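None of the figures in this text is laboratory data; all of them are computed from the coordinates on show. Source: prediction; values computed, not measured. Every residue, glycine as well, gets a Cβ built from its backbone with ideal geometry; the counts of neighbours run over all protein chains shown.
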Amino acid sequence: MIVKEEFLSKLRRYFALNLYEVKIWTALLSRGVSTAGELSDIANVPRSRSYDVLESLEKKGFVVMKLGKPIKYIAVPPSEVLERVKKNMNDEAKERIKRLEELKGTEVVDELNSLHTQGVELVEPSDLSGSLRGRHNLYNHLELTIRNAEESVVIMTTTQGLMRKVEGLKPTFQQIKKRGVKIRIAAPITKECAAAVKDISDVAEVKHTDSKARFTIVDGKELIFMVLDDQEVHPTYDVGIWVNTPFFASALEDLFDLAWKGLKPAKVSVASK
């Protein structure tokens, strides 16, 4: 039996199996019913390991052990395996989430927070910076930074960026708004993003700008700015820079404040487009 390495790699990734497991499994699928020894020879897996591998596959629901001598194994239909794997992964995820939820407010988290606080105190402010690659990572860090806001959040973004932020960050905006955080967003407002503007209007003040800059300032201390045009870069290759720099962040916010006074409210801009 010849199975391409690329196919085996896909199986490992999708079904969370190791190399020996996918080799034994595909060998059994090609035979339907077989012994451990036969599968070892077909799959080119050491015979001493084949029994352990089959036992593992049996526990995961990929194979069934047939009673009798010699012991044989029966392949479970792939469609059924898929459903079993989905169920197992879902159950495992729920269990992990439950364990993590149970950690909240425990001594473990308190000790971790204490370690982090002590560590941050030893770090120079200039060292609290980093490069963020990929839009997914960018938005994860953006959400974290905004969630910790105490006074203000200033966002300059593109039309598409505004729609993405409303879709992905509105719950966070609502959360900090309840704490009294002031949120201001400047972006090129068009009919394309009219729905997004309306959706966010209850938690943020939105104004129109012709600028295509992309940055976020939190509390005049932390700054995240994107270095590429989101219309010309694939989300996977988007790049942002995060810096904890009160001096530069507050200076940039002062410039934003000056520009903000001359910007039109979003409702006026949408109506005129």
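Observations on the structure shown:
- Taking θ as phi - 60° and the Karplus parameters 6.51, -1.76 and 1.60, the scalar couplings of the stretch 11-22 work out to 4, 4, 6, 6, 9, 6, 10, 8, 4, 4, 5, 5 Hz in sequence order, x denoting glycine and proline.
- Computed over the chain, the per-residue total of -39500 (n - 2.57) for DSSP H runs of n ≥ 4 gives a 222 nm mean residue ellipticity of -17500 deg cm²/dmol, rounded to 500.
- Overall form of the stretch 108-260 per C-alpha gyration tensor (a/c, 1.5; a/b vs b/c): prolate
- Pairwise centroid distance, computed over Cα atoms, of the stretch 207-240 with the stretch 1-22, Å: 40
- For the peptides 83-96, 186-199, residues were scored by their other Cβ atoms within 10 Å and the scores averaged per peptide; the highest-first order is 186-199, 83-96.
- Taking other C-beta atoms within 10 angstrom as a stand-in for reagent exposure, 141, 234 fall in the order 234, 141, fewest first.
- Measuring how big the chain is from its alpha-carbon positions, Rg and Dmax come out at 27.3, 86 Å.
- Relative protection proxy for 64-75, 44-55, 101-112, 207-218, from highest mean packing down: 207-218, 44-55, 64-75, 101-112 (other beta-carbon atoms within 10 angstrom).
- Label-to-label distance for residue 106 and residue 80 is 3.8 nm, based on points extended 7 Å past Cα in the beta-carbon direction.
- Overall form of the stretch 5-88: oblate. Here a/c, set by the Cα gyration tensor axes a ≥ b ≥ c, is 1.5 or more, and a/b is not larger than b/c.
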